[in-house]
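To start, the structure under review is shown below, and the notes come after it.
Each value in this text was obtained by applying a stated rule to the coordinates, not by laboratory testing. Bear in mind that the values here come from a model prediction, so they are computed numbers and not experimental data. Positions of Cβ are generated from backbone atoms using ideal geometry, with glycine treated the same way; all protein chains shown enter the neighbour counts.
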Amino acid sequence: MIKKKLGPASLLDTESILKDAQRELALPSRRLFAKRALTLGGLSLLTGCNITDEASVNRMLERISRMNDGVQGWLFDPKRLAPTYTQAEMTRPFPFNAYYGIEDVPDIDGSDYQLEILGLVTNKRPWTLEQLHKMPQNEQITRHICVEGWSAIGRWGGIPFSYFLKMIGADLNAKYIDFQCGDDYHTSIDMATALHPQTQLTLTYDGQILPPKYGFPMKLRMPTKLGYKNPKHIVSMEVTNKYPGGYWEDQGYNWFGGS
């Protein structure tokens, strides 16, 4: 057994570290940032914490993931555009993806739908679908990249999110925007990504009203983010300085989620 001296009164058992880390990193919720932020070889060089129990390993992995978030945020270029494509290059049919089966897609009544606005904004009035569809729209044909390793190209139409944020008087210096969804999903994004020119409140797919399987009545489309950061069936959004987390992020996935 190899032991590395950390200080006068502490020893770090590298064999135990590797054993505990292998167990933790085998979990599906750890695989993404394990690939991006951590190797077992590098792990054995870490010092300053006792990671011979599950809780300690979790805390260490969360710190590494947060560090990875900071690096991704620092590298993010708010003016750099993701690639765009032609209609001939679209994936047909565009695949359904969620943490549940297609038979469990939420049935949301668009006639009485209202988008709830919360947090650091001056105009908190809710928005109906009719009002949202009357706002200036744009369109993009971009690639959706899934954390599971597949990708697909789709045609999305909707409101430039930066325009919408300015319309509601959002504090553009706030740190986060949190999204709650009709299927109990939730996620959050950074303000720099929210203001990116390709970030869109999506209302249509391929020229038609957004189908339920793709996120009706509204989803957030961000070609600069991995798929799990693109929430569907959005029912509320909150501008905040308090870290909101997310459905997968709270289980260990990287929060920034850049693609």
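Which three extents, in whole angstrom, do the alpha-carbon atoms of the stretch 118-259 cover along their principal axes, largest first?
Per principal axis, max minus min of the Cα coordinates gives 40, 36, 26 Å.
Given a Förster radius of 30 Å and the C-beta distance between His133 and Gln251 as r, what FRET efficiency does 1/(1 + (r/R0)^6) yield to the nearest 0.05?
Computed FRET efficiency for His133 and Gln251: 0.30.
Find, to one decimal place in angstroms, the Kirkwood hydrodynamic radius of the stretch 163-227, where the mean of 1/r is taken over every pair of different Cα atoms and then inverted.
12.9
What residues of the stretch 146-170 lie in the reach of a label at Thr91, counting those whose backbone N is under 17 Å from a point 7 Å from the Cα along Cα→Cβ?
So the set is 146-157.
How far apart, in nm, are the 7 Å Cα→Cβ label points at Glu103 and Lys166?
According to this spin-label approximation, the distance is 4.8 nm.
List the residues, sorted by chain then number, that are 5 or more residues from Leu226 or on another chain and whose placed amide H is less than 5 Å from its amide H.
Gly258, Ser259
For the pair Lys79/Glu148, report the inter-label distance in nm, with labels modelled 7 Å from Cα in the Cβ direction.
3.8
Taking every pair of distinct Cα atoms and averaging 1/r, then inverting, what Kirkwood hydrodynamic radius in Å comes out for the stretch 112-170? Could you put the intermediate results ahead of the total?
On the way: mean 1/r = 0.0740 Å⁻¹.
Final number for the Kirkwood radius of the stretch 112-170 is 13.5 Å.
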